[in-house]
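S.K.: Below is a structure I'd like to ask you about.
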Amino acid sequence: MSNSSSDNIRAREAWDMNARFWDERMADGNDFFISLIWPSVEKLLRPQPGENLLDIACGNGVTSRRLALAGGAVVAIDFSEEMIRAARARPGDGQIDYRVIDATDADALRALGPRTFDGALCNMALMDMSDIRPLMNGVASLLRPGGRFVFSTLHPCFNNPSNVQMGELEDREGVLVTTYSVKVSRYLTPYTQVGLAMHGQPVPHPYFHRPLGMLLQDMFDAGFALDALEERAFSPENSGGSTPFSWGGQFSEIPPVLVGRLSPRAIA
Ligand SMILES: C[S@@+](CC[C@H](N)C(=O)[O-])C[C@H]1O[C@@H](n2cnc3c(N)ncnc32)[C@H](O)[C@@H]1O
């Protein structure tokens with residue numbers, strides 16, 4: 001059933017309005033994507049030539065193009081028509097079938113065909129979805145036996161929408177020391193709050209915070225086992241982004257991103 005909750009509609013409208021800006025800024029990958037996310041996604045997913053791959057919430061197709069370049073036949077879906085338009089306007093090498101599909105719509109997902117895909121990816125989008133249970137159940141039915149589902153998401157402990165990034169300057173017996181940290185004041189109870197994925201985006205979009213236990217439980221309830229988990233932080237050498245509080249090497253001990261791999265649990 002299609003999810004017409006006001007949260008979901010608000011999310012789709014925001015992503016439609018942000019699509020052009022997102023496409024210009026993301027293009028074929030920003031530093032966050034290239035340094036932090038893709039190396040881990042590629043390692044865990046290991047896309048192989050000739051595979052059928054599903055890219056969920058594909059945005060402007062930055063991951064779809066890479067999966068196709070690896071030789072996969074890619075079906076790439078997003079609920080934002082504007083994002084899909086932007087993705088189609090960036091042809092890559094290989095085979096990509098872009099479609100407008102809402103990942104909270106279980107029927108639309110199932111219509112992609114049972115046991116069709118060798119692998120699925122949902123890159124940096126679970127925290128943008130009002131309900132992830134239809135997606136988890138849907139992907140479980142879409143994967144072939146032995147298939148895998150890789151996801152990356154904002155780390156719910158250290159990079160949830162109400163976290164505060166802080167810097168403290170200390171005179172340590174004549175030596176000035178700056179320490180960057182993250183203040184966590186809201187974590188265990190899920191909540192929705194608008195925020196910015198990129199500084200300067202036209203409108204804030206809703207984030208749907210779920211604590212780690214709840215995020216994983218939705219995956220386990222759909223019959224998945226977690227067989228890899230990486231917490232990704234920038235290396236200390238990374239110069240960071242446009243402000244001292246943009247994620248970069250000054251936060252090298254604090255991972256803003258979580259990447260995991262799920263596989264269908266064997267039925268006893
Ligand atoms: C942060 S962007 C990530 C895009 C892309 N995966 C990437 O890595 O650049 C989040 C994407 O999730 C999409 N999205 C959010 N909720 C969705 C849903 N329910 N169904 C499909 N796409 C959704 C948005 O339209 C947007 O393109």
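The values are calculated or read from the model by the stated rules, or taken from the named source; none is laboratory data. Quick caveat, the model's predicted, so the values are computed rather than measured. With ideal geometry, Cβ positions are generated from the backbone for all residues, glycine too; neighbour counts draw on all protein chains shown. SASA here: full protein model, heavy atoms, side chains in, ligands and nucleic acids out. Shrake-Rupley method; radii C 1.70, N 1.55, O 1.52, S 1.80 Å.
For (1) in a loop (DSSP other than H, G, I, E, B); (2) closer than 21 Å to G119 by Cα, each residue gets a yes or a no:
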site: W22; (1), (2): no, no
site: W38; (1), (2): no, yes
site: S64; (1), (2): no, yes
site: G71; (1), (2): yes, yes
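S.K.: Given the conditions (1) more than 11 Å from the ligand (Cβ to nearest atom); (2) of a type in the set (D, E); (3) part of a loop (DSSP other than H, G, I, E, B), and given that D28 satisfies all but one, which numbered condition is not satisfied?
M.R.: Exception for D28: condition (1).
S.K.: Of all residues in segment 33-91, which are near the ligand (Cβ under 9 Å from one of its atoms) and open to solvent by 30 Å² or more (accessible area, probe 1.4 Å)?
M.R.: Within segment 33-91, F79, E82 qualify.
S.K.: Any residue in segment 130-148 that is within 16 Å of the ligand (Cβ to nearest atom), under 19 Å from Y98 (Cα atoms) and within 14 Å of the chain's Cα centre (by Cα)? Break it down into steps so the answer makes sense when it comes.
M.R.: From segment 130-148, those within 16 Å of the ligand (Cβ to nearest atom) are 130-139, 142; that's our starting set.
Next, only the ones that are under 19 Å from Y98 (Cα atoms) stay: 135, 138-139, 142.
Applying the additional criterion that residues be within 14 Å of the chain's Cα centre (by Cα) yields 135.
The answer is yes; a qualifying residue exists.
S.K.: Filter the strands (runs of 3 or more DSSP E) completely within segment 123-205 down to those with at least 2 residues that are aliphatic (A, V, I, L, M) and surrounded by 13 or more Cβ atoms within 10 Å (Cβ to Cβ).
M.R.: Working: elements: 143-154, 164-172, 175-183, 191-195.
In segment 123-205, the matching strands (runs of 3 or more DSSP E) lie at 143-154.
S.K.: Could you please give the count of residues in segment 92-117 that are away from the ligand (no atom under 14 Å from the Cβ), in a strand (DSSP E or B) and surrounded by fewer than 19 Cβ atoms within 10 Å (Cβ to Cβ)?
M.R.: 2
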